[in-house]
1. Determine if the stretch 67-88 includes at least one residue that is among the basic types (Lys, Arg) and in contact (Cβ under 8 Å) with a residue 24 or more places away in the chain.
2. Between a residue in the stretch 38-49 that is farther than 14 Å from residue 105 by Cβ and any residue that is among the small types (Gly, Ala, Ser) and in a strand (DSSP E or B), which pairs come within a Cβ distance under 7 Å, given they are 6 or more apart or on different chains?
3. Taking the stretch 89-109 as the search range and keeping residues that are among the aromatic types (Phe, Trp, Tyr) and in contact (Cβ under 8 Å) with a residue 40 or more places away in the chain, which one is nearest to residue 27 (Cα to Cα)?
4. Looking at the stretch 101-114, which of the residues that are farther than 27 Å from residue 76 by Cβ and either in contact with an Asp or Glu (Cβ under 7 Å, 6 or more places away or on another chain) or exposed (fewer than 12 other Cβ atoms within 10 Å of the Cβ) (or both) is modelled with the lowest pLDDT?
5. Can you name the residue in the stretch 61-85 that is acidic (Asp, Glu) and over 16 Å from residue 45 (Cα atoms) and, of all such residues, is surrounded by the most Cβ atoms within 10 Å (Cβ to Cβ)?
Amino acid sequence: MSEPSNAGTTAPVTDELGGPALDLLHEVIDPEVGVNIVDLGLVFRVQVLDGVAHVRMTLTTPGCPLGDYIDDEIRRTLTSLPNIEDTYMDLVWEPRWSPELMTWEGKRQLGWVQ
């Protein structure tokens, strides 16, 4: 079955260098949910400026105990790219995370769609 055109309400914004970084963020899995942070709808923007990947994102809840773990995984993953020396996670709470932010693929992985 193909992905519906209205899946996910927003797509992450990237610049030219941020595209490969965004692709690599699919490897960062939220261990509580088992879905990567991009398909979970947590990532809003990825930009690379002067060797630093700036990742604007949220967490599923403000009290999420995995924020530091996810930050560490983002750093570990993105610094494997040759043009990224460091990362900066800009954690925001607006828009508030909800399942509507998930991609079709994220919902499929959770068994919410077929």
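The values are calculated or read from the model by the stated rules, or taken from the named source; none is laboratory data. What you see is a predicted model; the values in this text were computed from it and never measured. We place every Cβ from the backbone using ideal geometry, glycine too, and count neighbours over all the protein chains shown.
1. no
2. Sorted first by the residue in the stretch 38-49, then by its partner, the pairs are 46/53.
3. Selected residue: 104.
4. If we take residues in the stretch 101-114 being farther than 27 Å from residue 76 by Cβ and either in contact with an Asp or Glu (Cβ under 7 Å, 6 or more places away or on another chain) or exposed (fewer than 12 other Cβ atoms within 10 Å of the Cβ) (or both), then 114 is modelled with the lowest pLDDT.
5. For the stretch 61-85, the residue satisfying everything is 73.
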